[in-house]
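Q: Below you will find the structure I want to go over with you.
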Amino acid sequence: MNARQQSILQTVIDKGRMSVTDLARMTGVSEVTIRQDLNLLEKQNYLRRTHGFAVPLDSEDMETRMMNNFSLKRELAAFAASLVNAGETVFIENGSSNALLARTLAERGDVTIITVSSYIAHLLKETPGEVILLGGIYQKKSESMVGPLTRQFLQQVHFSKAFIGIDGWQPETGFTGRDMMRTDVVNGVLEKGCEAIILTDSSKFGAVHPYTLGPVSKFNRVITDSGLAASNQLLLEQSGLHVDIVQRP
């Protein structure tokens, strides 16, 4: 995705609906070029096309897709991808930054991706990367596999790194999630003893949700952006985590 296409996607996300004519005027290219851009973005499952317009993906799916702060999340994903070597097998959990990471790695074609997210698996269908989608109970809203079967499948696969999304963090609670079943899957991943990496934008720090991910000692690293408060960074590092700060674009 080039800079113009990224700008188009962010504008469609922000505005909710943009015409081909307005996008051409905004970017300074022809409507033919805009249609080509939109065709590519639709094929890659970033947006939908209607007659003469581009619209975001359905609002009910927003939480597990890459709608808000798209540019920032692309930077986070790019940094995370730089930590993965050719030939590695990695687990990538749900979440918008993780979906962008999966896309980045799958386009490289030299990494095997294990996931419980059917959305991520679908997102990668046009890429050369190998994808292993674990089974289980299909949680429709999050488009994710959960439950005891998923836990069993986790025991049958091996990976060197796991990239985990969170819903919240506070010093008193550690990392937390809002969904009990998805949290249970993450805790199953942590039992594998691989390098566990939190990948999230800084807005999640300070929030708290009911279900604990962890304990913190099960995690190795946090990748987030420069919106993280210095005091929170210090607390994370004091708990034994390596913290990588990606500058906001």
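The values are calculated or read from the model by the stated rules, or taken from the named source; none is laboratory data. The structure presented is a predicted model; accordingly, all values stated were derived computationally and were not measured. Note that we place each Cβ from the backbone using ideal geometry, even for glycine, and neighbour counts take in every protein chain shown. Quick note on the areas: whole protein, heavy atoms, side chains included, nothing else; ligands and nucleic acids left out. Shrake-Rupley method; radii C 1.70, N 1.55, O 1.52, S 1.80 Å.
Q: Based on the mean of other Cβ atoms within 10 Å per residue, sort peptides 20-26, 111-117 so the most packed one is first.
A: Descending mean neighbour count gives 111-117, 20-26.
Q: Okay, next question. Where both residues lie in the chain, what percent of DSSP beta bridges are antiparallel, nearest 5?
A: Roughly 40 percent of the beta bridges in the chain run antiparallel, per DSSP.
Q: Follow-up. I'd like to know which of T127, G95, S82 lies farthest towards the positive end of the charge dipole of the chain, counting +1 on Cβ of Lys and Arg and -1 on Cβ of Asp and Glu.
A: T127
Q: Sticking with this structure for a sec: Can you give the angle from 0 to 90° between the axis of helix 70-82 and the longest principal axis of the chain, with both taken from C-alpha atoms, to the nearest 10?
A: The angle comes out at about 50 degrees.
Q: So what are the ³J(HN,Hα) numbers for the range 237-249, from phi and the Karplus equation (6.51, -1.76, 1.60; θ = phi - 60°), rounded to whole Hz, Gly and Pro as x?
A: 5, 5, 7, x, 8, 7, 10, 9, 9, 9, 5, 5, x
Q: On to the next question. Compute the accessible area per residue over the chain, keeping the other protein chains in place, probe 1.4 Å, unit Å².
A: Spelled out: the 1.4 Å probe surface of the chain, per residue, equals 44 Å².
Q: So what does L38 come to for accessible area, using a 1.4 Å probe and Å² rounded to 10?
A: Per-residue accessible area (L38): approximately 0 Å².
Q: So for the pair E107, Q155, with labels modelled 7 Å out along Cα→Cβ, what separation do we get in nm?
A: So the two model labels end up 3.9 nm from each other.
Q: Take K161, K140, K43 and sort them by solvent-accessible surface of the protein heavy atoms, 1.4 Å probe, largest at the top.
A: K140, K43, K161
Q: Given DSSP loops and a limit of at most 16 other Cβ atoms within 10 Å, what is the longest stretch of the chain that contains no such GluC sites (Glu not before Pro)?
A: Looking at the chain, 1-87 is the longest stretch - no exposed GluC sites (Glu not before Pro) with at most 16 other Cβ atoms within 10 Å.
Q: Something else now. Which angle between 0 and 90 degrees, to the nearest 10, do you get for helix 3-15 versus the longest principal axis of the chain when only C-alpha atoms count?
A: 80
Q: Right, next: Using amide H atoms built 1.01 Å from N in the peptide plane, name the residues 5+ places from A207, or on other chains, whose amide H lies under 5 Å from its own.
A: For A207, the qualifying residues are W169.
Q: Amide H to amide H under 5 Å from R221: which residues, 5+ apart in sequence or cross-chain, H placed 1.01 Å off N in plane?
A: A196, I198, H242
Q: While we're here: Tell me, what HN-Hα J-couplings in whole Hz come from the Karplus equation 6.51 cos²θ - 1.76 cosθ + 1.60 at θ = phi - 60° for each residue of the range 166-172, using x for Gly and Pro?
A: Each residue's phi maps through the Karplus curve to give 10, 9, x, 7, 9, x, 6 Hz.
Q: Mind running the shape call on the range 3-57? Use the C-alpha gyration tensor, a ≥ b ≥ c as the square roots of the eigenvalues: rounded below 1.5 for a/c, prolate if a/b tops b/c, oblate otherwise.
A: Rounded, because the longest to shortest axis ratio a/c is under 1.5.
Q: Tell me what the chain gives for mean residue ellipticity at 222 nm when only DSSP H runs of n ≥ 4 count, each as -39,500 (n - 2.57), the sum divided by the residue total, rounded to 500 deg cm²/dmol.
A: Estimated from H runs of four or more residues: -11000 deg cm²/dmol.
Q: Ok, one more. So how tilted is helix 180-190 from the main axis of the chain? Cα-based, degrees 0 to 90, rounded to 10.
A: 70
Q: Ok, one more. Holding the Cα-Cα limit at 24 Å, pick out from K43/K73; K141/K161; K43/K204; K125/K204; K73/K192 the pairs that are longer than that.
A: K141/K161; K43/K204; K125/K204; K73/K192
Q: Write down the percent of antiparallel bridges among all DSSP beta bridges whose residues are both part of the range 69-209, to the nearest 5.
A: Taking every DSSP beta bridge with both residues in the range 69-209, the antiparallel ones total about 30 percent.
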